[in-house]
1. Hey, can you tell me all the residues within region 184-216 that are at pLDDT below 95 and basic (Lys, Arg)?
2. Among all residue pairs at least 6 apart or on different chains, which show Cβ distances below 9 Å where the first residue, located in region 145-171, is within 13 Å of THR182 (Cα to Cα) and free of Cβ contacts under 8 Å to residues at least 40 places away in the same chain and the second is of a type in the set (Ser, Thr, Tyr) and assigned to a strand (DSSP E or B)?
3. Going by the structure shown, is SER2 at pLDDT 95 or above and small (Gly, Ala, Ser)?
4. What's the number of the condition ARG61 fails, among (1) under 19 Å from TYR222 (Cα atoms); (2) at pLDDT 95 or above; (3) open to solvent by 70 Å² or more (accessible area, probe 1.4 Å); (4) among the charged types (D, E, K, R)?
5. I'd like to check something: does region 24-42 contain any residue that is in contact with a strand residue (DSSP E or B) (Cβ under 6 Å, 6 or more places away or on another chain) and among the acidic types (Asp, Glu)?
6. Could you list, in sequence order, the residues of region 1-29 that are in contact with a helix residue (DSSP H, G or I) (Cβ under 7 Å, 6 or more places away or on another chain) and touching a residue at least 60 places away in the same chain (Cβ under 8 Å)?
7. Please verify whether region 112-120 includes one or more residues that are touching a residue at least 12 places away in the same chain (Cβ under 8 Å) and of a type in the set (Asp, Glu).
8. Could you tell me which residue of region 38-94 is nearest to GLY160 (Cα to Cα), considering only residues that are part of a helix (DSSP H, G or I) and among the aliphatic types (A, V, I, L, M)?
Amino acid sequence: MSTTEQERAAYLLDAQNKAVQLFEEIEQKLIRPGVSEKALSDEIHKLGTERHGVRTHWHKRVVRSGPNTLLPFEDNPPDRVIEDDDILYVDLGPVFEAWEADFARTFVLGDDPNKKRLRDSLAPVWNIVKSRYHENPDMTGEQLYDIACEEARNAGWDFGAKLAGHLVGLFPHERIPRDKTTLYITKGNDQAMSNPGKDGNKRHWILEIHLRDNENKVGAFYEQLLTVG
């Protein structure tokens, strides 16, 4: 039986809601100084498996702290121990009952006002970019990327990545080998984000906000569903 668009959207939102619950428990129980990024990632994997029914992730688990927060997703930096007055983000792609979530949040340990301001800029910037997208959902991926960069600057930061999002869906979502443009919110994507997928269904997108504090050499990251919810 085919899945209707309303059902597909509901499944994606349900997967994200489950990711929210997982992240709430991560923050309450696992985020702390004195643990390495790798050890924290392993603890997150154990928590997701034992308490949240996560059996697979569609992309690698990413835990980055301090200067490692500036590095792109594809990097694999040396392991680092999280410090007392640190900033870190967790980026997970858990699959819940065959539907993908992609969710990232940034956490601040200690009372550094600059790190807190950076973290606290994420959600407002994300919401502004989302609002501008919904004013013109036929815009291209490049146009939305430019908007994300503009709103990061308006908030007093630099945009810290070459991507501002990507497709998400039924695992595994649509991919084109070696194509790092048309299925992403990035420079060079001149296709309308409203174009249907190869299966004729509406495509759903994740919006990523990467903020970069070049003066203090740290970054922050926030992502969730753009086209549902």
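The values are calculated or read from the model by the stated rules, or taken from the named source; none is laboratory data. Not measured: the values here are computed from a predicted model. Quick reminder, even Gly has a Cβ in these numbers, built from the backbone with ideal geometry, and neighbours come from all protein chains shown. Side chains included, ligands, DNA and RNA excluded: accessible areas come from the protein's heavy atoms. Shrake-Rupley method; radii C 1.70, N 1.55, O 1.52, S 1.80 Å.
1. Residues satisfying the conditions are LYS198, LYS202, ARG203.
2. Hits for this filter: LEU167/TYR184.
3. On the way: at pLDDT 95 or above: no; small (Gly, Ala, Ser): yes.
So SER2 does not fit the description; no.
4. Status for ARG61: all satisfied but (2).
5. Yes, there is a match, as at least one residue in region 24-42 is in contact with a strand residue (DSSP E or B) (Cβ under 6 Å, 6 or more places away or on another chain) and among the acidic types (Asp, Glu).
6. Correct list: LYS18, LEU22, ILE26.
7. Looking for residues that are touching a residue at least 12 places away in the same chain (Cβ under 8 Å) and of a type in the set (Asp, Glu), one finds at least one in region 112-120, hence yes.
8. First, pick out the residues of region 38-94 that are part of a helix (DSSP H, G or I): 38-52, 66-70.
Next, only the ones that are among the aliphatic types (A, V, I, L, M) stay: 39-40, 44, 47, 70.
Values: ALA39: 26, LEU40: 24, ILE44: 25, LEU47: 29, LEU70: 7 Å.
Once the filter is applied, the top-ranked residue is LEU70.
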